[in-house]
There are 2 protein chains.
Amino acid sequence: MDQVTIKDVAKEAEVSPSTVSRVISDSDQISFQTKEKVKNVMKRLGYQPNAIARSLVNQRCNSLGLVMARPTDRALANPFFTDIIQGIAAGTQRENYSLMLATAESYQRESEEVLNLVKTRQVDGLILMASRTNGELINNLTKENYPFVLIGRSQKYSEIPRVDNNNIKAVKDAVTTLLSLGYRDIVFLSGPKDFVVSQDRLQGYREALLEAEIPFRPELINYADFSYEAGFKKARQLFSNYQQNIDLVFGADDLLALGALRAAEERGWQVPEDIGIIGFNDTPAASLVHPGLTTIKIPIKKMGEKAAQMLVKIIEEESYQGEEIIIPTEIVWRESTAQKE
Amino acid sequence: MDQVTIKDVAKEAEVSPSTVSRVISDSDQISFQTKEKVKNVMKRLGYQPNAIARSLVNQRCNSLGLVMARPTDRALANPFFTDIIQGIAAGTQRENYSLMLATAESYQRESEEVLNLVKTRQVDGLILMASRTNGELINNLTKENYPFVLIGRSQKYSEIPRVDNNNIKAVKDAVTTLLSLGYRDIVFLSGPKDFVVSQDRLQGYREALLEAEIPFRPELINYADFSYEAGFKKARQLFSNYQQNIDLVFGADDLLALGALRAAEERGWQVPEDIGIIGFNDTPAASLVHPGLTTIKIPIKKMGEKAAQMLVKIIEEESYQGEEIIIPTEIVWRESTAQKE
DNA sequence: ATTCTTTATGCAAACGTTTGAGCAACAATC
DNA sequence: GATTGTTGCTCAAACGTTTGCATAAAGAAT
């Protein structure tokens, strides 16, 4: 319980504290014999350098901060949350840093938490989730030249260290492939308009149609919250309005797609025979439902790892200012889509 | 970027650093006028006390450590993980502590990570997940009187600060109710034998039968990994072996129950008409499948909060040694079970 | 024998706080 | 006018490290 300090080790080994310190850092100013002697004592006493004291003199604490809002829209945050944290934790660890996790009740308070961490010097840098991240905050951090990395995309700030996936391309590629499978009348079930992800995914859809020279039908674009219920309701309504003229539902999130799946089932439509369905994110549930949901998988964990890695590099390498890393996505084909004859 | 220190504030306010410090702690040794003057300067310079320096002198860093293994059995960890972290984070924050998150690749390395955090004094106390937590580790921490709280239950060590739910009672109550609904031949799909949760849940099942004086049929007890696939395979096999003689499947985890649901569907059995199904944990997917899965919900988030709260109390109150907090569970009735006529 | 290098170590200051002890200045008591 | 008490502040040590500089010892070069 009582802490063994460098002085205890020094006394026991009959050297000065500075010598012990230099043994720890494996300085070549210390003779082999002394090193051995000191190392033995350290082991015997179970000595571990006090990280706090170290941080104080080094002016660096070897820890990264992750700030996440934990608001009510749990549905969106959930699968993402797990993987992103795991990834970041893994990356952080690999770089021999610690991870401080701060959460905030709201997006607004998120900034306060961030600033608190920063100002009190509890972390050397920050990983921020882009979802709706406060623009002012990012501005401030940039201005102060404070190390940070963004996960995701913030519309207003493009020249910023970040790791992301290309939502536009992911959807565009998927839709293009779906068109080649024979689908033509594709409903797009988008998330809320004010999310950058929503806008990007929708754009991918439009670009694919444009390229394939398929006329764009505005009534097929629909907005809903990122939730199962919202997807269900919207899909049900769509199905009854346009039943003759749609053959696939593209959900901008798996939850939306799962809602649509349920709506199809309710209507007695066979999936994929009567209508195809595709989602986004490869939520765990996507593989558990029946038929399995075709979806687009983002390697979220890897994104977290990359972010941590990049942040450490920004912190440690004076000249490195960060970059934009785009992680490729992948379509996971399951039974909810098929080749149309 | 450059840090504003207490000395800068002192100089600017024409007082000594100690005075500034006492203003921060709102000591009554400082006059109202001086306090105001100093506070103004602090605000003007944007001063925030350096947490590291503070920790060094206080011998306390105001942060809690959470160590989690992130092994391959992602399925089990997943829904739990999210909520537990959110809860712990919320609790930690409310107590004005920070949260350090360390993950380990394996259960074995979990101990190393823990000891590292502890020895280097990066945290004031630990929250441990019980799943398979290393017994030796717990022994050591207890012996050293190092503050920690366990979430879940470790069989060997009962007199330990922890927050948990009562798995035995939860299952027993559920089974008792199910019996009263008319179910009688209940398959129990257990998790791996070496998990304490598995054993407890199974025991709840047996106690309920015993109390209702229903003969125990050993062939109805089956073990599987906590996974969807394992549940599916086991259930499929059971269904073909005992199709006349079972009317409900109790999955010790939602994934197992979902697998069983799928197996029933494959066989063309109607749920709940032909067979009832119940799970455990109220995984997000439980409400997304059709029919909705009846399940037992643990308020995981609340458990995390309680754990954080208790840990802080242990740290701060000399005399308080912690306690055992049992959080009640709740049955969530959905369509996969019904009153049998 | 003297000076110069080299090697191995110790000294002391610094990092930014907190806090017990000390001390002026003034008021209250006799 | 001396004594005591109170108020409001400052001084300096301490927390456990790291690191630039000084220095002692030993050997090499003159």
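Annotation for B:K143, label-to-label distances across the other copies: 5.6 nm (shortest first, one decimal, point 7 Å from Cα along Cα→Cβ).
For region A:167-298, averaging the sequence separation of C-alpha pairs within contact (under 8 Å, six or more residues apart) and dividing by the residue count gives a relative contact order of 23 percent. A protection proxy built from the mean count of other Cβ atoms within 10 Å ranks the segments A:112-124, B:230-242, A:316-328, most packed first, as A:112-124, B:230-242, A:316-328.
Distances over 11 Å make up what percent of all Cα-Cα pairs in region B:6-49?
Taking all Cα-Cα pairs of region B:6-49, the fraction more than 11 Å apart is 57 percent.
The calculated pair-distance distribution of the protein assembly as shown uses every alpha carbon pair, bins of 20 angstrom beginning at 0, and gives 16, 43, 31, 9, 0 percent.
Beta bridges from DSSP with both residues in the protein assembly as shown: antiparallel share about 15 percent, rounded to the nearest 5.
Over chain B, Cα pairs under 8 Å with separation of 6+ residues give a relative contact order of 17 percent. Specify the inter-centroid distance of region A:222-300 and region B:305-341, based on alpha-carbon positions, in whole Å. Region A:222-300 and region B:305-341 have Cα centres separated by 36 Å.
Can you work out the PRE-style zone for B:N140? Point 7 Å along Cα to Cβ, and I want the residues of region A:1-23 with backbone N under 16 Å. Taking a point 7 Å out along Cα→Cβ of B:N140, the residues of region A:1-23 whose backbone N falls under 16 Å are A:1-4. Relative to the other identical copies, B:N96 shows label-point distances of 3.5 nm, where the label point lies 7 Å from Cα along the Cβ direction and values run shortest first. Peptide B:88-101 is shielded by partner chain Cβ atoms: per residue, an average of 4 of them sit within 10 Å of its Cβ. Of all DSSP-defined beta bridges confined to chain B, some 10% are antiparallel rather than parallel. Label point of B:E229 (7 Å along Cα→beta-carbon): distances to the other copies' equivalent points are 3.5 nm, sorted ascending. Taking amide hydrogens as placed 1.01 Å from N in the peptide plane, the amide H of A:I221 sits under 5 Å from those of A:F188, each at least 5 positions away in sequence or on another chain.
How many percent of all Cα-Cα pairs in region B:1-120 sit more than 21 Å apart? Write down the numbers at each step before the final one.
Values: 4095 of 7140 pairs.
So the portion of pairs separated by more than 21 Å is 57 percent.
Between A:R201, A:R217, A:R184, the Gaussian network model of chain A with springs among Cα atoms under 10 angstrom shows the greatest mean-square fluctuation at A:R217. Taking amide hydrogens as placed 1.01 Å from N in the peptide plane, the amide H of B:I277 sits under 5 Å from those of B:V249, B:T337, each at least 5 positions away in sequence or on another chain. Working from label points 7 Å from Cα in the Cα-to-Cβ sense, the A:T176 to A:F32 distance is 6.3 nm. Spatially, region B:79-102 and region B:4-46 are offset by 33 Å when compared through their Cα centroids. Shielding by partners for peptide B:52-61, expressed as the average number of C-beta atoms from other protein chains within 10 Å of each residue's C-beta, is 5. Modelled spin labels at A:Q339 and A:E159, positioned 7 Å past Cα toward Cβ, are 5.0 nm from each other. Computed extension length for B:R184-B:R217: 10.8 nm, one decimal, from 0.36 nm per residue of separation with the Cα-Cα distance subtracted. Note on chain A: with neighbouring protein chains present and a 1.4 Å probe, carbon and sulfur make up 46 percent of its accessible heavy-atom surface.
B:H290 contributes an accessible area of around 90 Å² to the protein surface, as traced by a 1.4 Å probe with all chains present.
Summarising the label geometry, the points placed 7 Å from Cα in the beta-carbon direction at A:N241 and B:Q243 lie 4.5 nm from one another. Axis angle, to the nearest 10 degrees, between helix B:74-94 and the longest C-alpha principal axis of chain B: 30 degrees.
Using a probe of 1.4 angstrom and keeping all protein chains present, the accessible surface of chain A works out to 46 square angstrom per residue. Rounded is the label for region B:167-298, because the ratio a/c of its alpha-carbon gyration tensor axes (a ≥ b ≥ c) stays below 1.5. Please list, by residue number, everything in region B:285-311 whose backbone N is under 18 Å from a paramagnetic label point 7 Å out along Cα→Cβ of B:I327. Output list for this probe position: B:285, B:295-311. For chain A, the square roots a ≥ b ≥ c of the C-alpha gyration tensor eigenvalues yield an a/c of 1.5 or more together with a/b exceeding b/c, which makes the shape prolate. Once C-alpha pairs closer than 8 Å and six or more residues apart are averaged by separation and normalised to the residue number of region A:265-329, the relative contact order reads 24 percent. Take the accessible area of chain B alone and of chain A alone, subtract that of the pair, and you get about 4800 Å² summed over both chains, using a 1.4 Å probe. Between B:P147, B:P284, B:P299, the Gaussian network model of chain B with springs among Cα atoms under 10 angstrom shows the greatest mean-square fluctuation at B:P284.
Counting only other chain Cβ atoms within 10 Å of each residue's Cβ, the peptide A:284-292 averages 5. Against the main long axis of the alpha-carbon atoms of chain A, helix A:254-267 sits at an angle near 30°.
The values are calculated or read from the model by the stated rules, or taken from the named source; none is laboratory data. Nothing here was measured: the structure is a model prediction, and the numbers come from that model. Note: ideal-geometry Cβ built from the backbone for every residue, glycine included; neighbour counts use all protein chains shown. Heads up: the accessible areas ignore ligands, DNA and RNA and are worked out on the full protein's heavy atoms, side chains in. Shrake-Rupley method; radii C 1.70, N 1.55, O 1.52, S 1.80 Å.
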